[in-house]
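Just so you know, all these numbers are worked out from the coordinates, no wet-lab data involved. Because the structure is a prediction, the values reported are computed rather than measured. Cβ: placed from backbone, ideal geometry, glycine included. Neighbour counts: every protein chain shown.
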Ligand SMILES: [Zn+2]
């Protein structure tokens, strides 16, 4: 069909305007410059374009769904990458070395009867370059490590004099 002045007018949103997606489906770039209506009148559009323009709500939902799908895909990809890292022989070798060096006990609460995590002092998510650096690793039990999460960067070795000769990482400043 051909775009008419009335058709544009009839299909505005309840607020009286037009959504970005709605305009995009008839080829109007955002933000619309004045006179876009006049220029659009008479232009030939497909049935699909007509339906899209007439259903801004449906367009919005479709875009939301697409966005959700994309963020889920990214999340799954990150999970897979994380699993790959923890399954790698480089990590397992290093992890074992660190557990042996620090005698398999939590460096924060000192328990040795809990599942142990070899923790990245500076978290992997922020410092990927330090993920296989021995001096960035400490031992925490599961409780301490989950409490620390990836926000805190406390180096539990710093306050201790127990590991002489160890090169410790220091936070800048
Ligand atoms: Zn602990």
- Once normalised by the length of the chain, the mean sequence separation of its alpha carbon contacts under 8 Å that are 6 or more apart gives a contact order in percent of 15 percent
- Could you check the simple spin-label distance between residue 133 and residue 95, using points 7 Å along Cα→Cβ, in nm with one decimal? 2.1 nm
- Note on the structure: Going fewest to most other Cβ atoms within 10 Å around each Cβ, 107, 1 line up as 1, 107
- State the extension gain, in nm to one decimal, for the chain segment bounded by residue 15 and residue 48, taking 0.36 nm per residue of separation less the distance between their alpha-carbons. 9.5 nm
- Quickly work out the residue 63-to-residue 143 label distance, labels modelled 7 Å from Cα along the C-beta direction, and quote it in nm with one decimal. 4.9 nm
- Task: Could you calculate the contour length gain from residue 24 to residue 152, that is, 0.36 nm times the residue separation minus the distance between their Cα atoms, to one decimal place in nm?
- Result: 41.7 nm
- Query: Can you pull the Kirkwood radius for region 5-75, inverse mean 1/r over Cα pairs, to one decimal in Å?
  - Reply: 13.2 Å
- Message: Using only DSSP helix segments of four residues or longer, with each worth -39500 (n - 2.57), what per-residue ellipticity at 222 nm results for the chain after dividing by its residue count and rounding to 500?
- Response: -13000 deg cm²/dmol
- Task: For each of 30, 156, count neighbouring Cβ atoms within 10 Å of the residue's Cβ, then give the residues from fewest to most.
- Result: 30, 156
- Mind sorting 106, 25, 12 by how few other Cβ atoms lie within 10 Å of their own Cβ, fewest first? 12, 25, 106
- Query: Any idea what Rg and Dmax come out to for the chain if you just take the C-alpha atoms, in Å?
  - Reply: 28.6, 82
